Every structure is written in C-alpha cells, then in structure tokens.
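The values are calculated or read from the model by the stated rules, or taken from the named source; none is laboratory data. Given the structure is predicted, the values throughout are model-derived calculations rather than measurements. Neighbour counts are summed over all protein chains in view; Cβ atoms, including those assigned to glycine, are modelled from backbone coordinates with ideal geometry. Please note that ligands, DNA and RNA were not included when accessible areas were found on the heavy atoms of the full protein model with its side chains. Shrake-Rupley method; radii C 1.70, N 1.55, O 1.52, S 1.80 Å.
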Amino acid sequence: MLFHRQQTGIDYLIVGLGNPGTQYENTRHNAGFAALDAAAQAWGVRVARARFSALTGAGVLGESKVLLMKPQTFMNDSGAAVGAAAAFYKLAPEQVIVIFDDVSLAPGRLRVRRSGSAGGHNGIKSIIAAIGQDFPRVKIGVGEKPHPEYDLADWVLGRPSEADRKAIAARMDDVRGAVEMIVCGRLDAAMSKYNG
C-alpha cells in the first residue's frame, strides 16, 4: 500500500532579518523586521507562531502559499531558522525571499537581487551557509557609516536620524510590492521596477 506524504504546501518562505528584543527595535539592522511587519499587516497575516527558532505566520499571496518568518536567533545565526524551515518544507533556495538592511545603499534605496554574496552582512552570510546563495533578496538602504573609522556594529545597531527613518519607512509599500512580484514569478520585472 502506498502512503502519500501529506502536502505541507508552502510555496515561498519570506524572511525579514533583524534582532529580537526591544533594545533593537527601530535600529538600522532591523529594517528587515520592520518591512516584514508592514507587509504582514497589509496581507492580514499574524507573525506570532514560534517555530524554527523564529516567529512565523502563514498566508496566501496570489496563487502561492507563503510562510512569513522573523528569525529569533539574533542576526548572525539567521541561517539556523531559515535552513530549518527550508528543509522542513523542502524548499529550493529560489523559494526563499530575504528582506534585509544594506549599508551600501542610501536610506530608502531598494535593490532586488536574484542571488549573490553576503556583501559583509552576517545575517546573509549565515543564510548562505545554510542554503547556498541562490535565493532572491530585497535590500533596504540604511545609509553608509559616517566615516571609515566608525564601528560598523555600532552603526547598524544604532537608530537612523528622523530624515533617514522617514526615507526608509516611505519605501515599505515598495518592499512589499517587490516581494509580491517575486512570488508571482516576476523577479526580473521587480528588479527593473525597484532598482532604479
């Protein structure tokens, strides 16, 4: 007799990166958390279920079932949560979309990429170690550190100025739009629309 494995049915894992805890709220490094929260609210998904060392919430985007995720491992171990969920749902890297902060982009600039290196981002480095580098990503510019000697950790764990915060917040709908396009199989269109 044949037993068919129950379809767990997640088509995409959508991950926002950040650090858990109130002391990290609204820091540059938590731009991914903020963007995921804004998208979840717009999609009517509650990201509150503790699974895979993360807070998760399931929903439907277009024809696709999605799992939204905020790893609770701290940034540098994000791959533990992402890898566990990807393995459980048997997802290819192409089905994992990661939203995160980028210090090489001006505040509020977006960049959509099909794949790539970590570019010095420890959260991305951890995810690449877990699932490889062929996952689509949406980078949110948080601005460069003010001078070369400035400690990068202090910079990303700091809070942006009011003007920078507004520039970042103003793009949250566009981050959501980019993710929606990727889920609908329109990654190239998302790159041409949002990488300007």
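Here are the numbers:
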| quantity | calculated |
| --- | --- |
| Added length on full extension, which subtracts the Cα-Cα distance from 0.36 nm per residue, Ala118 to Ala87 | 9.1 nm |
| Axial C-alpha extent at least 15 Å, average Kyte-Doolittle at least -1.0 - helices from the chain (DSSP) | 31-43, 78-88, 172-183 |
| For segment 110-195, accessible area per residue (1.4 Å probe, heavy atoms of protein chains only), Å² | 51 Å² |
| Förster radius 30 Å - calculated FRET efficiency between Thr22 and Arg51 (Cβ-Cβ, nearest 0.05) | 0.85 |
| Sorted peptide list for 17-24, 93-100, criterion being average Cβ within 10 angstrom, highest first | 93-100, 17-24 |
| Computed magnitude of the charge dipole of the chain (debye, nearest 20; Cβ of K, R +1, Cβ of D, E -1) | 420 debye |
| Accessible-area composition of segment 1-84, carbon plus sulfur, in percent [1.4 Å probe] | 49 percent |
| Cβ-derived FRET efficiency at R0 41 Å, His147 paired with Lys193, nearest 0.05 | 0.75 |
| Segment 129-172: C-alpha gyration tensor shape, a/c 1.5 cut-off, then a/b vs b/c | oblate |
| Efficiency of FRET between Arg186 and Gln133 - r from beta-carbon atoms, R0 25 angstrom, step 0.05 | 0.75 |
| Among (i) 27, 22, 13; (ii) 38, 20, 16; (iii) 27, 18, 16, the entry derived from the coordinates for semi-axes √(5λ) of the Cα gyration tensor in Å | (iii) |
| Long-range HN-HN contacts of Ile99 with modeled amide H, under 5 Å | Val15, Gly16, Leu17, Val138 |
